[in-house]
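Structure first, commentary second.
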């Protein structure tokens with residue numbers, strides 16, 4: 001063995017020494033400077049558990065509310081909001097659980113809170129109830145019509161929406177959201193049984209739209225044009241699709 | 001506030017549908033610079049290995065320059081990543097607490113292996129004898145710097161020098177797969193992201209590797225043509241012609257592989273093909289079709305064919321080689337740009353495209369990227385001062 005080292009040229013020994021020093025430095029840093037939690041996954045997990053457990057508890061959890069509040073959870077269980085936990089709307093309630101009389105959880109009463117989920121957004125799933133907050137009963141708090149513990153889907157022209165769901169959803173987000181289907185279309189009773197042979201009416205006169213959109217119309221709020229000069233050859237819906245957002 | 005403004009500005013440039021977290025892209029110009037720099041390292045090393053392993057004698061004048069170029073760029077290679085991630089002082093922890101299942105974390109070890117065990121060792125053994133001689137001839141700090149670099153070695157006997165030569169050869173043989181590993185790894189990082197159809201391809205490491213070889217050879221050729229006249233030397237035309245013909249072959253291989261990848265994607269025609277063609281036709285048209293393919297590949301290939309077919313004069317050849325070298329650098333930089341930025345411009349919904357707006361002053365901005373591309377040349381000039389790649393006789397052309 002000694003002979004082997006003697007045979008090695010001196011530069012190789014020097015390089016080897018540098019290499020060993022490097023390895024020794026790495027060893028020392030790893031052994032003495034890096035904390036053990038960073039080297040051992042089990043220890044790391046334990047220490048992060050400790051860290052998390054030490055944090056203050058904010059949320060009380062989904063089950064505990066039922067112990068005191070009997071009515072609302074029962075209603076919620078059968079409604080569309082059954083999968084939402086109470087604290088999704090009422091906020092973190094651990095403090096309320098600890099001290100029910102003094103600390104009260106909040107309840108969102110403003111329109112913009114419901115809009116987090118129900119404002120029209122094309123990426124939401126088909127069939128998810130969506131509205132345009134600007135046209136859907138503006139300024140009225142949602143809870144005046146909808147019970148948040150059991151929100152029912154809109155019940156008005158359900159008979160049309162049964163087949164024309166897509167139109168209904170588009171209309172719900174449009175400026176015509178509050179106008180019932182029957183205002184513009186008259187559907188004979190037979191349309192329900194023979195939808196392709198018996199067809200509902202469409203407004204076939206320009207004056208029909210003009211009732212709201214003509215310059216001289218007494219209705220306030222709708223955009224108006226001079227019907228005599230605006231696209232006189234055509235029926236309005238040949239250019240304007242009345243069901244979509246904006247209606248253009 | 002500024003971020004919100006930036007976001008609003010970008011959202012106006014979005015085409016089609018895109019998820020909100022895709023509007024602002026995360027990997028910026030710094031991540032473009034990083035594979036470009038590592039590519040130069042790997043390419044320069046491959047050129048150097050041609051001399052030692054494959055005994056291409058004509059390339060001898062570029063051997064040491066190629067090694068120093070590789071080292072200069074290698075020292076800067078991790079910097080763009082560290083600037084991008086932040087907290088560079090913590091980067092050593094990657095070595096202390098290795099994560100064996102993370103390809104990105106393993107880069108540290110690939111880098112360390114290549115820098116310490118290949119480049120530094122090879123340069124040490126290659127220069128050791130000269131460093132001892134030079135340190136005995138010089139004075140002041142340079143003497144001590146050289147002594148330190150030679151690890152205070154003193155043995156310049158024939159036996160010791162023969163040992164150096166043998167070691168250099170062994171290290172180069174180990175170095176070739178290491179250089180492939182280094183840059184293949186960078187391609188692997190992109191190629192293994194299966195959610196991104198622009199990146200996810202087994203061809204990626206190979207494409208990266210050959211574009212690296214192309215850029216490295218072109219860079220050493222450019223540097224050789226710039227530095228030799230600056231040092232009052234004579235360019236060795238035999239060497240230059242040989243470097244250029246290796247460059248020519250490398251460009252052909254690189255081009256064929258990229259075309260193969262392209263045709264394969266078109267023929268496979270997966271669901272992503274529509275958005276990718278839209279990407280190529282609109283957002284990447286300039287950088288991919290014009291800069292990368294036409295100016296960075298076909299034009300240099302054409303020029304090199306002309307040089308090979310017609311026997312042009314020396315001066316004209318030099319000029320054309322120089323233009324080729326510059327165009328290839330431009331092309332390879334665009335390649336990196338198209339991979340890194342291009343891969344983030346389309347939505348994972350395959351329905352929309354966003355835009356990359358480069359900062360000018362920020363830490364991920366244009367000026368930092370420019371500085372990162374200039375620093376290696378500064379390092380190289382210091383290295384060349386300290387460890388001259390050519391002896392006086394070689395410079396004069398003898």
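Derivation of every value follows stated rules applied to the coordinates shown; laboratory data play no part. Predicted model, so just to flag it, every value in this text is computed and none were measured. Ideal geometry is used to build each Cβ from the backbone, glycine not excepted, and the neighbour counts take in all protein chains shown.
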Sorted from fewest to most neighbouring beta carbons within 10 Å, what does the list B:270, B:58 look like? B:270, B:58
Equivalent-ellipsoid semi-axes (√(5λ), Cα gyration tensor) for segment B:76-159, whole Å, largest first? 35, 16, 10
In segment B:325-398, what is the volume of the convex hull around the alpha carbon atoms, normalised per residue and reported in Å³? 143 Å³
If packing is taken as the mean number of other Cβ atoms within 10 Å per residue, what is the order of B:284-297, A:181-194, highest first? B:284-297, A:181-194
How much mean residue ellipticity at 222 nm does chain B get from its helices, if each DSSP H run of length 4 or more adds -39500 (n - 2.57) and you divide by all residues, to the nearest 500 deg cm²/dmol? -22500 deg cm²/dmol
For helix A:41-54, what angle does its Cα long axis make with the longest principal axis of chain A, in degrees from 0 to 90 and rounded to 10? 50 degrees
Projected label distance in nm at residue A:244 and residue B:249, using a 7 Å step from Cα toward the beta-carbon: 6.1 nm
To the nearest whole percent, what portion of all C-alpha pairs in segment B:258-321 is separated by more than 18 angstrom? 54 percent
What the 5 Å binned alpha carbon P(r) of segment B:119-189 shows, as percent of pairs per bin from 0, is 4, 16, 21, 17, 13, 11, 9, 6, 3, 1
Taking 0.36 nm per residue of separation and subtracting the Cα-Cα distance, what length does fully extending residue A:95 through residue A:167 add? 21.3 nm
How much FRET efficiency would the formula 1/(1 + (r/R0)^6) give for residue A:202 and residue B:310, where r is the Cβ-Cβ distance and R0 is 60 Å, rounded to 0.05? 0.20
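Over all distinct alpha-carbon pairs, what is the Kirkwood Rh of the protein assembly as shown in angstrom?
Every distinct Cα pair counted, the radius reaches 31.4 Å.
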Cβ-derived FRET efficiency at R0 30 Å, residue A:63 paired with residue B:101, nearest 0.05: 0.20
If you count, for every residue in A:14-27, the Cβ atoms of partner chains within 10 Å of its Cβ, what is the mean? 2
Dmax and Rg, reported as Rg then Dmax, of segment A:53-154 (C-alpha, Å): 15.5, 48
Rounded to one decimal in nm, the spacing of the 7 Å Cα→Cβ label points at residue B:230 and residue A:42 is 5.9 nm
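Two-decimal Rg/Rh of chain A from alpha-carbon positions, Kirkwood Rh?
1.35
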Neighbouring partner chain Cβ atoms per residue of A:6-12, average, 10 Å criterion: 6
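What's the average, rounded to a whole number, of partner chain beta-carbon atoms within 10 Å of each residue's beta-carbon in A:29-36?
2
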How far is it, in nm, from the label point at residue A:112 to the one at residue B:60 when both lie 7 Å from their Cα along the line to the Cβ? 7.8 nm
First measure r as the distance between the Cβ atoms of residue A:140 and residue B:286, then evaluate 1/(1 + (r/R0)^6) with R0 = 60 Å and state the FRET efficiency to the nearest 0.05. 0.70
Given N residues in chain B, what is Rg(Cα) / (2.2 N^0.38 Å)? 1.05
Rounded to 10°, Cα long-axis angle of helix A:10-28 versus longest principal axis of chain A: 60 degrees
